[in-house]
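All remarks here apply to the structure that follows.
What follows is calculated from the coordinates using simple rules that are stated; it is not laboratory data. Model, not experiment: these values are computed from the prediction. Here Cβ is always computed from backbone atoms with ideal geometry, including for glycine, and neighbour counts include all displayed protein chains.
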Amino acid sequence: MSRLHEIRKSRNLRITELAQRLNKSPQAVWQQENRGISKINTAEQYAAVLECSPFDILELNNHKENDNA
């Protein structure tokens, strides 16, 4: 579960409600929840609506590490 999902649920918001507040499609919000947010600009947009810090939403360790390292 992504941080975005956890925060959205803690605010008792449905994906459709968050999407409407962001002026995005529910599918776009669903994709962000499943991928996690790794870009600060995107985190800032969501954080403004969810009334939290962008750093609460960012998932910088979401990328797979190189197995050949």
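Just need the relative contact order of the chain here, percent rounded to a whole number, with Cα pairs under 8 Å and 6+ apart.
Relative contact order, the chain: 34 percent.
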Fill in: Largest to smallest principal axis extent of the C-alpha atoms in the chain, angstrom
43, 23, 20
Discussion item. Per DSSP helix of 4 or more residues, -39500 (n - 2.57); summed, then divided by the residues of the chain. What does that give at 222 nm, rounded to the nearest 500?
Written reply: -16000 deg cm²/dmol
Worksheet item: Suppose every K and R has +1 on its Cβ and every D and E has -1 on its Cβ; what is the size of the dipole of the chain about the Cα centre, in Debye to the nearest 20?
Response: 280
Worksheet, complete the sentence: Once Glu51 and Lys39 are pulled to full extension, the length gained, defined as 0.36 nm per residue separation minus their Cα-Cα distance, is 2.6 nm
